Structure formats: C-alpha cells, structure tokens
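Notes to accompany the following structure.
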Amino acid sequence: MDEVKQLVTDIKKKNLKPIYFLMGEEPYYIDKISDFIENNVLLEEEKGFNQTVLYGRDISIDDIIGNAKRYPMMAEYQVLIIKEAQDLSRSIEKLVEYVNNYQPTTVLVVNYKYKKIDKRKALYKAVKKVGVVYESKKLYENQVGEWVRRVLASKKYTISPKAAQMLVEFLGTDLSKISNELEKLQIILPAGTQISPEHIEENIGISKDFNNFELRKAIGEKDTVKAFQIIKYFSENPKDNPMVVTVSLLFSFFSQLLHFHGLKDKSPRSVASALKVNPYFVNDYVTAARHYPMRKVSEIVSTLRTFDVKSKGVGSNAVPQGDLLKELLVKILS
C-alpha cells in the first residue's frame with residue numbers, strides 16, 4: 001500500500017517512468033495504478049490522439065512495440081496501456097527489445113494480472129533498470145482486516161474489529177469486492193463514523209448475529225444453543241453461507257488454537273503476534289483453549305479435513321448441507 005502511494009505521488013508530480021510493468025496475483029492495485037495513469041497523465045484534450053488502450057488477447061508484442069514507438073501529437077507524452085497482458089505470457093519476453101530501446105515520450109503501462117514474469121530473465125531486469133516493476137501480492141486473510149482499517153482511515157473513518165472481521169469472512173480476500181462495499185458505506189455514512197456490525201448488517205446484508213464469526217465464537221465458548229441456531233440459519237440460507245467457507249474458517253481457527261496451545265508466552269501481545277490476529281480476538285482463543293485441550297483440538301482439525309472434502313461434494317452428494325453442518329457440530333462439541 002505504501003509503495004502504491006509513492007507511485008501515485010510520483011505520477012502526480014509528473015515524475016514519470018517510460019514503463020510501468022504491473023504484475024501479480026492481486027488485481028486490485030494493478031487496476032488502481034493503471035486507472036490513475038489513464039486518468040491523470042494527459043489532459044482531457046490530449047487523450048484523443050495520445051492515449052491508447054489495447055488488450056493482450058487482440059495483439060502481439062510487435063503491435064505493442066509499433067504503437068509505443070509513435071511520437072505524441074501536440075502533447076509531451078503519449079500513454080499506451082496494455083490490459084490483460086497475461087494473455088501474451090508465451091511471448092512477453094520479446095518486449096525486452098523495446099525496453100532496451102524505449103521511446104522517451106511514451107508511457108507504457110503493462111497490466112499483467114494473476115501472473116509474474118521471471119525475475120531471472122532479461123525483461124524483468126531491463127524494466128527494473130529504466131522503469132517500474134510493481135508486484136501486487138495477494139493478501140493473506142489475517143492481513144485484510146488491517147488493510148480495511150487503513151483504507152478507511154485514509155478517508156477519515158474507523159471500523160470496529162468485529163465489523164472488519166464480518167467483512168473479511170463474508171467477502172474473503174477479494175479487495176475489489178471489499179472496496180466496493182466500503183465505498184457504499186462511505187456514501188451512506190458521514191466522515192468520522194466508526195463503522196459497526198450494525199452498519200454492516202443494515203447496508204451490506206451480512207447478519208451481525210448469524211455469521212461465521214459468531215459461529216466460531218459460540219463454538220469456542222461451547223455455547224451449544226447459539227451454535228445450533230447459527231447452523232440452522234446457515235441451512236436456511238445456503239447461498240449466502242456456503243459450507244465450504246464455514247469449514248475453511250473453522251479449520252483456520254482450530255489450527256490457530258493448536259498453535260496457541262504450543263505457545264510458551266501466552267500474554268495477549270505475544271499471542272496476537274504469533275497467531276497473526278487482532279489483539280481484540282485473543283480472548284476468544286484463551287476461552288476456547290479452556291474448553292478444548294490440545295488432544296481434542298487435534299481430533300477436530302482431522303475431522304474438519306474430512307468435512308472439507310465432504311463440503312466439496314466428495315462422498316456426500318445426497319446429504320443436505322444443513323445435515324452435514326449439524327453432524328460436524330456434534331463431532332466438535334462432543
């Protein structure tokens with residue numbers, strides 16, 4: 001995120017590079033940087049003759065080089081954006097011919113999503129020497145909550161840990177989806193608001209009482225009644241609460257609980273650091289550890305592996321999701 005901010009600052013100051021090679025598994029920042037260049041490098045009246053967007057599936061490397069070698073018309077630069085450049089992965093290394101003899105008045109932006117070029121090969125080394133290579137890495141689930149907090153802080157909002165966790169558990173690690181939902185909240189709520197679980201429920205449609213976060217908490221506390229209420233809700237709303245997601249999140253929780261049992265230092269700060277969780281959630285692990293000794297946790301992790309396979313339809317095609325969830329819950333809580 002800090003690297004992206006620096007790139008945007010440089011572009012605003014017209015400290016432009018001749019080539020921006022944007023690659024990696026997370027498309028969100030690739031789109032953000034590319035769109036910023038598309039919208040801000042040229043004046044509106046310059047774009048007609050000097051800004052071109054091409055798609056990898058429709059062109060060759062020779063087409064890119066031919067377009068990049070053109071001179072701008074009545075402008076200081078021309079901007080050439082190649083979207084979906086990963087469709088050229090078999091021939092992308094040929095672009096090194098242009099990089100080694102680039103046109104100084106062209107700003108070439110290559111959007112190479114979901115893949116990376118080989119850092120040992122000539123293209124990467126050549127671009128690194130004269131331009132920018134930005135690798136957009138996928139965030140781990142335990143990093144997304146902090147990302148949400150920082151994005152909102154930059155817009156003068158805050159968010160409660162539970163509300164952030166609800167977003168992550170419902171939307172996963174897809175930053176574009178999360179960003180869209182945050183933008184909706186910013187339209188509805190005034191700056192300075194702390195976004196709460198109630199705001200999430202009212203405006204995004206995620207139940208604050210019946211979600212994977214609350215299920216995990218109920219299981220950790222061995223609150224059997226609440227856990228089965230949540231499972232019943234999931235059974236009645238399977239599209240919004242797919243079992244495969246529930247099992248994955250429970251597997252992550254009990255794997256972390258196994259790690260917790262093995263920690264020598266169980267102070268809140270140490271636990272938060274070791275498990276890579278917000279300190280707000282440390283008490284959930286302390287409580288769960290009292291109810292589930294290490295041997296039981298190991299059994300549950302094994303059980304969750306079995307149900308992960310079943311949740312994907314292997315060996316349980318005729319069994320409704322609700323029945324599988326109830327069976328899983330009985331095994332965990334017994």
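The values are calculated or read from the model by the stated rules, or taken from the named source; none is laboratory data. Predicted model, so just to flag it, every value in this text is computed and none were measured. A quick note on method: Cβ atoms are made from the backbone with ideal geometry, for glycine too, and the neighbour counts reach across all protein chains shown. Accessible surface areas use protein heavy atoms only, side chains included; no ligands, DNA or RNA. Shrake-Rupley method; radii C 1.70, N 1.55, O 1.52, S 1.80 Å.
For Gln51, neighbours were defined as the other residues whose beta-carbon sits under 15 Å from its Cβ, and their charges (Lys and Arg +1, Asp and Glu -1) total -3. Among residues other than Gly131 with Cβ under 15 Å from its Cβ, the summed charge is +1 (Lys and Arg +1, Asp and Glu -1). Over the stretch 212-281, the reciprocal of the mean inverse Cα-Cα separation, the Kirkwood hydrodynamic radius, stands at 13.3 Å. Projection of the Cα convex hull of the chain, averaged over all directions and equal to a quarter of that hull's surface, yields 21.2 nm². Helical runs (DSSP H, four residues minimum) scored at -39500 (n - 2.57) apiece and divided by the length of the chain put the mean residue ellipticity at 222 nm at -17500 deg cm²/dmol.
Helix 224-236 versus the longest principal axis of the chain: what is the Cα-based angle in degrees, 0 to 90, to the nearest 10? Relative to the chain, helix 224-236 is tipped by roughly 50 degrees. Does a label point 7 Å from the Cα of Val319, set along Cα-to-beta-carbon, have any residues of the stretch 285-308 with amide nitrogen under 15 Å, and which are they? Backbone N within reach: 302-308. Comparing Leu54, Ile92, Asn142 along the charge dipole axis of the chain, the residue lying farthest to the positive side is Asn142, per the Cβ-charge model.
Mind pulling the angle between the C-alpha long axis of helix 321-333 and the longest principal axis of the chain? Nearest 10 degrees, somewhere in 0 to 90. With rounding to tens, the tilt is 60 degrees.
How high is the FRET efficiency from Val130 to Arg57, r the C-beta distance, R0 30 Å, rounded to 0.05? Calculated value: 0.65. Of the cross-linked pairs Lys156/Lys184; Lys13/Lys115; Lys13/Lys47; Lys83/Lys125, those separated by over 23 Å at the C-alpha level are Lys13/Lys115. Probing with 1.4 Å while keeping every protein chain in the model, the per residue accessible area of the chain equals 52 Å².
The ratio of the alpha-carbon radius of gyration of the stretch 1-90 to the globular-protein estimate 2.2 N^0.38 Å is 1.10. Looking at the stretch 232-272, the pairs of alpha carbons with a distance over 12 Å make up 67% of the total. Along the stretch 149-161 the Karplus relation, 6.51 cos²θ - 1.76 cosθ + 1.60 evaluated at θ = phi - 60°, assigns HN-Hα couplings of 4, 5, 4, 5, 4, 5, 9, 6, 10, 10, 8, 6, x Hz to successive residues, with x for each Gly and Pro. Estimated at 0.36 nm per residue, the fully extended path between Arg90 and Glu221 surpasses their Cα-Cα distance by 41.9 nm. Computed over the stretch 185-334, the range of Cα coordinates on each principal axis works out to 49, 44, 25 Å, biggest value leading. A Förster radius of 22 Å, combined with the Cβ-Cβ distance separating Val8 from Leu189, puts the computed FRET efficiency at roughly 0.30. Along each principal axis, taking the top coordinate minus the bottom one, the Cα set of the stretch 33-139 gives 39, 32, 27 Å in descending order.
Which of rounded, prolate or oblate describes the stretch 32-82 when judged by the alpha-carbon gyration tensor and an a/c cut-off of 1.5? Oblate, because a/c is 1.5 or more while a/b does not exceed b/c. Normalised by the number of residues in the chain, the average gap of Cα pairs under 8 Å and 6 or more apart makes the relative contact order 15 percent. Placing +1 on each Lys and Arg Cβ and -1 on each Asp and Glu Cβ, with no other charges, gives the chain a dipole about its Cα centre of roughly 1220 debye.
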